[in-house]
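As structure tokens, the structure follows; a few thoughts come after it.
The values are calculated or read from the model by the stated rules, or taken from the named source; none is laboratory data. Keep in mind that this is a model prediction, so the values were computed, not measured. Cβ sites come from the backbone with ideal geometry, for glycine too, and all protein chains shown count toward neighbours.
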Amino acid sequence: MKPIVLVIATVTLMFSVTFAAFSQDAPSADEIVAKANHAAYYQGKSGRADVKMTITDSQNRTREREFTILRKNMDEKDQEQRFFVYFNSPADVRKMVFMVWKHIGQDDDRWLYLPDLDLVKRIAASDKRTSFVGSTFFYEDVSGRNPALDTHELVETTDVYYVLKSTPKDAKGVEFAYYKTWIHKETFIPVQTMYYDESGKEYRKYTALAVEPVDGIQTVVKGQMEDLRSGTTTVNEYANVKYNLDFPDDIFSERYLRKPPREYLR
């Protein structure tokens, strides 16, 4: 697969930090998934980033959105977590807020604050696989999919990657039949995810385009999601990334949807 070769060549050159050696025996699929989930969503005790989102349609027309993400882990087991996403621009989404309380063993809680209507809207679990503010990312992509929702199988091991196939336990709750993820063996960062429909055809693809060390943590600073059916692509660029900030718990509450914690968003 040519895209995989390009990703391997690009990402491998970026990883110059020496990592702890792992056993020559490959870890189990569930162990790999747990490490990859941590690398993608739980690095540090907390984190923030300014994000520039560029949406490009099949006719090469572009739209941009800028927002700030605040994130805090509520335990040390990669389970309970809080997300707060505040939109800065453009005008049609400015001051909009997306908030998530992630849980293990039950559906996540998601809220969307619409400032023009002064309305707090709960996002139903059935809507988590829908477009995030008109992009090719889904709501679930932003805060992460619960690994327990899928059955994972290690289908290939290369010099650089573990390749996993993940199949949903509840096929009625998602639009994909299964997906494959290429996970970097040293850092456990997922560098590509390909989604397949019921006929086994690729229709949606995520790629980590750039990885850099931030506060000693290898971090995806540019990621892309492609809708292979519509030809729409969304690129997220992450700037001012910081880890282990001291966020109070209460900023991840409904009252801060209308009154965002600006001292942490600057």
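Residue-level check: of (1) hydroxyl-bearing (Ser, Thr, Tyr); (2) outside any helix (DSSP H, G or I); (3) in contact (Cβ under 8 Å) with a residue 40 or more places away in the chain; (4) surrounded by fewer than 20 Cβ atoms within 10 Å (Cβ to Cβ), Thr233 misses just (4). The set of residues in the stretch 227-250 being aliphatic (A, V, I, L, M) and under 22 Å from Tyr195 (Cβ atoms) consists of Leu228, Val235. Kindly evaluate Arg65 against the criterion of being assigned to a strand (DSSP E or B), farther than 12 Å from Leu257 by Cβ and at pLDDT 95 or above. Yes: the conditions hold for Arg65. Screening Arg262 with (1) in contact (Cβ under 8 Å) with a residue 60 or more places away in the chain; (2) at negative phi gives one miss only, at (1).
The criterion of at least 3 residues that are at negative phi and surrounded by 14 or more Cβ atoms within 10 Å (Cβ to Cβ) is met, among strands (runs of 3 or more DSSP E) falling completely within the stretch 99-186, by 109-114, 150-157, 161-168, 178-184. Scanning the stretch 109-127 turns up no residue that is within 16 Å of the chain's Cα centre (by Cα) and at pLDDT below 95. Using the structure shown, decide if Thr193 is part of a strand (DSSP E or B) and modelled with pLDDT of 95 or more. When the stated conditions are applied, Thr193 passes them. Scanning the stretch 145-152 turns up at least one residue that is touching a strand residue (DSSP E or B) at 6+ places or on another chain (Cβ under 9 Å), acidic (Asp, Glu) and under 26 Å from Arg229 (Cβ atoms). Within the stretch 198-214, residues that are without any contact (Cβ under 8 Å) to a residue 40 or more places away in the chain reach partners that are surrounded by fewer than 17 Cβ atoms within 10 Å (Cβ to Cβ) and basic (Lys, Arg) with beta carbons closer than 7 Å, at six or more positions or on different chains, in the pairs Tyr203/Arg229. Would you mind stating whether Asp92 is part of a loop (DSSP other than H, G, I, E, B), more than 24 Å from Ile55 (Cα to Cα) and charged (D, E, K, R)? Answer is no for this residue.
Table: residues versus (1) over 21 Å from Glu80 (Cα atoms); (2) touching a residue at least 12 places away in the same chain (Cβ under 8 Å); (3) among the hydroxyl-bearing types (Ser, Thr, Tyr).
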residue: Thr136; (1), (2), (3): yes, yes, yes
residue: Glu140; (1), (2), (3): no, yes, no
residue: Asn146; (1), (2), (3): no, yes, no
residue: Leu154; (1), (2), (3): yes, yes, no
residue: Thr157; (1), (2), (3): yes, yes, yes
residue: Lys165; (1), (2), (3): yes, yes, no
residue: Lys169; (1), (2), (3): yes, yes, no
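Set side by side, the residues Pro260, Pro248 differ, and just one is closer than 19 Å to Arg94 by Cα, modelled with pLDDT of 95 or more and not β-branched (Val, Ile, Thr), which is Pro260. Counting only residues that are touching a residue at least 40 places away in the same chain (Cβ under 8 Å) and either hydroxyl-bearing (Ser, Thr, Tyr) or surrounded by fewer than 14 Cβ atoms within 10 Å (Cβ to Cβ) (or both), the stretch 71-98 holds 1 of them. The residue that is surrounded by the most Cβ atoms within 10 Å (Cβ to Cβ), among those in the stretch 207-230 that are over 21 Å from Leu70 (Cα atoms) and hydroxyl-bearing (Ser, Thr, Tyr), is Thr207.
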